[in-house]
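Below is one structure, written out as structure tokens, with a few remarks after it.
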Amino acid sequence: MTSMLERLRSARAVSLAGEQEAEEGFTLIELMVVLLIMGILLAIAIPTFLGVTGSAKDKGAQSDLTNADTTGKVFYENNVSYNAASDSSPMSSGYLQSAEPQLQFVAQGAANSAKNQVWVLTSTNGNSAMYGTWSPTGVCWLLVDNEGGTDSSMTAWGSPSPGTHYGYYLASGPGSCTAQSPTANGGSGWQTSWPAAPAGK
């Protein structure tokens, strides 16, 4: 009996010692290693997340311009001009707004800081329409649809050849996103497809 009691006391002592060790928790070095690993993971994840966020904003701006251009082409097909008087003279932001209510069309040069805002400008000969919108990444995205030859009003835009052209330039704010050639201020120049966003944007 005495032997059995001693064994029970010994087993209980071992059990209590194990519980005491378990309650001691992590050492300072272990905590520092965990914090270091978390810091490394955050250093990798945050830039990646910010890059994806910026890319999504630019893609959203490009999508808005593509949708605006699609609506504008319908007007051109119906009137054989962007300046025809049968529906609107010239194609106005009001016409586009009624035809594409998902976007907000504003006058060229207006501070288009709200989501889905697009400005539109037509050439004097009615052959071309230009659309622009500002992305929070600091890029002014541009799209021009040229259905015919150039005219003097397109000189400031870089006079792209017939077809649909895409570009951007860096803009400090929505108010500085206006109709101008994408060859200035870190611009991409006119291209036949959406150019990649500038580095860091």
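The values are calculated or read from the model by the stated rules, or taken from the named source; none is laboratory data. Given the structure is predicted, the values throughout are model-derived calculations rather than measurements. Virtual Cβ from ideal backbone geometry, glycine too; neighbours counted across all protein chains shown.
Does Thr164 satisfy being surrounded by fewer than 18 Cβ atoms within 10 Å (Cβ to Cβ), farther than 16 Å from Lys57 by Cα and at pLDDT 90 or above? Yes, satisfied.
Filtering Ala196, Ala179 for residues that are small (Gly, Ala, Ser), in a loop (DSSP other than H, G, I, E, B) and crowded, with 18+ Cβ neighbours inside 10 Å leaves a single hit, Ala179.
Of Ser3, Ser89, Ser63, all but one fail to be modelled with pLDDT of 65 or more and among the polar types (S, T, N, Q); the exception is Ser63.
Quick grid of which residues meet (1) surrounded by 15 or more Cβ atoms within 10 Å (Cβ to Cβ); (2) under 23 Å from Phe75 (Cβ atoms):
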{"site": "Ser135", "(1), (2)": "yes, no"}
{"site": "Gly138", "(1), (2)": "yes, no"}
{"site": "Leu142", "(1), (2)": "yes, yes"}
{"site": "Gly149", "(1), (2)": "no, yes"}
{"site": "Ala171", "(1), (2)": "yes, no"}
{"site": "Pro174", "(1), (2)": "yes, no"}
{"site": "Thr183", "(1), (2)": "no, no"}
{"site": "Gly187", "(1), (2)": "yes, no"}
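Taking the criterion of being assigned to a strand (DSSP E or B), farther than 21 Å from Ser161 by Cβ and modelled with pLDDT under 85, the residues of segment 106-141 that qualify are Val106, Ala107.
Exactly one residue out of Ala171, Ala196, Ala156 is at pLDDT 90 or above and either at positive phi or of a type in the set (A, V, I, L, M, F, W, C) (or both): that is Ala196.
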